[in-house]
Every structure is written in C-alpha cells, then in structure tokens.
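Step one of this worksheet: look at the structure below.
Computed from the coordinates by the stated procedures, all read-outs in this text should not be read as laboratory data. Just so you know, these numbers come straight off a predicted model, no measurement behind them. For neighbour counting, all protein chains shown are included, and Cβ atoms are generated from backbone atoms with ideal geometry for every residue, glycine included.
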C-alpha cells in the first residue's frame, strides 16, 4: 500500500501542488481494489502498479476522475448561478446521449447479475463502460458552456443521473471518491 500511496502522490503532484496524504491514500486504495475486482474470481492476477495507478484507461483512478469531473459540472453551474429547470422531453435527443441513457438504465440488471453470479467484475466492466461513455460525451455535449437552456437542462439531468448511478456502483465495489483530482 505504501508504494501505491507514493505513486498516487506523485501523480497527484503533477496535477496540482498541494496534494494531501489522504487524497493519495484514497486513490491508491481505489487503484488496488479496482485492479483486483476487474478479473474473474478464479483468474490468476499479476499485479502491475503502473496499470493499476493509471489515471487514464481501465483503472480505479480513472473511475474516480470520471465522477469528480461530473461533480465539477454541477459545481460550476452553481458558481455561475445557472439553474437547471424541468426537462423538455419534446427535444431531439442525440444518438450518443440516447445510448448513454440506455447504458445507465441497465445499472440494476448489472448489479443483479454480479450478485447472482458472484462475479464483481461484471459491475467493474459496466463502471468502465459508463465512465468511458461519459468522458466521451463530456466533450461532445457540454453542459456549462451550452447556451440553449433546454439542451443544457437535458444534458445536466443526464449527467446527474450518471453521477448518481455511478457513485452507487463505486460504493458497491468499495471505491471512495476524492474531492478533487
């Protein structure tokens, strides 16, 4: 764990100056935990610190980063005094957003399957798939910079749904979210 914390601290120090030990420990724990659960329960695992602690790709820190990034959307909306109203369901929904909604709607099925099969990696793979889709949409479908209030509201509601379901999934696998990354 000490090695993982040291590597987390190094990576965090590249992102901002005042990295706290608690932040490094939370990220290190997520890295180790996620690396272990992404495999089948009877599969041999050769642990790789560099892969486990990567902030990009299939890792616990990547999942944490995705959730922190989503949370920042709502922090920025609040800072700018932008209110998110009611959704107008008469708008045209982009295919990417629609696919994301469908993916999010499968969360309960994925959790049931993981529990029924006693294979937590099922949930781990869904979390990765959802995080990748969110990060793709983050650039394609901005919320804070969107000038159309109808589109902004719809996207904000979708990203709030993502954040809520994603945080639930992370909690189920024992991953804690840091305040920042």
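Scoring 104-114, 53-63 by mean Cβ neighbours within 10 Å over their residues and listing the highest first yields 53-63, 104-114. Of the peptides 90-98, 23-31, 157-165, the ranking by mean beta-carbon count within 10 Å, highest at the top, reads 23-31, 157-165, 90-98.
Helices in the chain, meaning DSSP H runs of at least 4 residues, each add -39500 (n - 2.57). Divided by all residues, the mean residue ellipticity at 222 nm is -22000 deg cm²/dmol.
Here the chain has an Rg and Dmax of 17.3, 53 Å, counting Cα atoms alone.
Label separation (residue 39 vs residue 108): 3.4 nm, computed from points 7 Å beyond Cα along the C-beta direction.
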